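Read the structure below first, then the notes.
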Amino acid sequence: MTSLFTPIRIGSNTLKNRLVMAPMTRSRSNDEGIQSELAATYYGQRAEAGLIITECTYVSSLGKGYVRAPGIETTAQVAAWKKVTDAVHANGGQIFIQLWHSGRISHPSLLPDNATPVGPSAIKPAGQVWTLDGPQDMVTPQALEINEIADIVSDFGLATAHAMGAGFDGVELHAASGFLPEQFLSSGSNNRQDQYGGSVENRVRFTLEVLDAMIAEAGSDRVGIKISPEMNFNDITDTNPQETYTYLVDQLNGRNLAYLHVALFGTPVDYHGLLRPRFEGAYLMGGGLDQKSATEALIEGRADAVVFGNAFLANPDLPERFRQSAQLNAPNKETFYTPGPQGYIDYPLNSN
């Protein structure tokens, strides 16, 4: 019988269990996007996971969307991530990096030369973004030109090459949370009239081109994608999300990806039930799971692996705690994004 602790082959990697650590922003890098020395400890502590997916990591400095976010563009950034992958591998774990471009969800103060954030269309998102000076209102983005879109696609390919050079076992495209790929996917943020807008086929084009660039560098069996239909985070809306995401997933099938990672947060539609049967590869289920519901999803065949966020953040030894039915540490939300070790590498291990 399939359980949380049954090994599984995902792409070219065999996972020792089906517990996946979700990508979670922790804001511990420096202002140059160089990952903190503490990051190797943080990720290394959690190597009991079958797979770790890192926090979102910008592919170019023009794609940065948060203060103290890490990048994988420069030699120094790559070297810092190499320490992380070495620590995870030394502890018997496997790790993918989540590649990210924030698009319009940014602010000039976060970008080189106070550049204007970019997006598929010049549609200002509601809300604020966290900067060195605290929360700032987001601005109207610059609509990307065709040649600029091609440059960003290339940035994802180069970032993938950097990630493989840093020792990652694979890469995940962040196509959720209202960032650039989802901005192209969604009709509320994309009113283009060219080959990247209008029809669902055109709105999906950017995401597929990015995936193809990543595949060219890492191989399809080391590339995954995360989506989160109707999460509606960062002011993202779509007039027909079921059509958008079923079409996208249908297009993924011929690409032989390592996995499809779907995280749901209170959506009115059961997208797991809708998308799982359509996807031919490994299906990672995330969003609001506990040990019982995750186990049931695996037993019933609704997922191949299950993704935990805050539970892994607060419990470095989460798989062992699940084995022992041990009490879990509660996450301290006040230290989710604060610099330093507190609430990052100091959560206690189970004493049993």
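Descriptive notes on the structure:
- Counting DSSP beta bridges with both ends in the chain, the antiparallel % (nearest 5): 20
- Among the protein heavy atoms of the chain, carbon and sulfur supply 48% of the accessible surface, probe 1.4 Å, non-protein parts ignored.
- Residue among Ala76, Asn256, His101 farthest towards the positive dipole end of the chain, charges placed on Cβ: Asn256
- Farthest positive-ward along the chain dipole, Cα basis, beta-carbon charges - from Ala218, Val153, Gly340: Gly340
- Cα-based reach from Lys64 at 29 Å (exclusive), listing lysines while leaving out same-chain residues under 8 positions away: Lys82, Lys83, Lys124, Lys226, Lys333
- Solvent-accessible surface of the chain, averaged per residue with a 1.4 angstrom probe and all protein chains in place: 38 square angstrom.
- Estimated dipole of the chain in Debye, rounded to 20 [Cβ of Lys and Arg +1, of Asp and Glu -1, Cα centre]: 760
- Computed accessible area, Glu145, all protein chains, 1.4 angstrom probe, square angstrom: 110
- Estimated from the Cβ-Cβ distance and a Förster radius of 30 angstrom, the FRET efficiency linking Thr239 and Ala330 is about 0.15.
- The Cα-based radius of gyration of the stretch 8-335, divided by its Kirkwood radius, gives an Rg/Rh of 0.94.
- Environment charge at Thr131 (Cβ cut-off 14 Å; Lys +1, Arg +1, Asp -1, Glu -1): -1
- Whole-Å distance, taken between Cα centres, linking the stretch 85-105 and the stretch 3-57: 6
The values are calculated or read from the model by the stated rules, or taken from the named source; none is laboratory data. Only a predicted model underlies this, so the values are computations on that prediction, with no experimental measurement involved. All Cβ positions, even for glycine, are placed from backbone atoms using ideal geometry, and neighbour counts span all protein chains on display. Note: accessible area is taken over every heavy atom of the protein model, side chains too, but ligands, DNA and RNA are not part of it. Shrake-Rupley method; radii C 1.70, N 1.55, O 1.52, S 1.80 Å.
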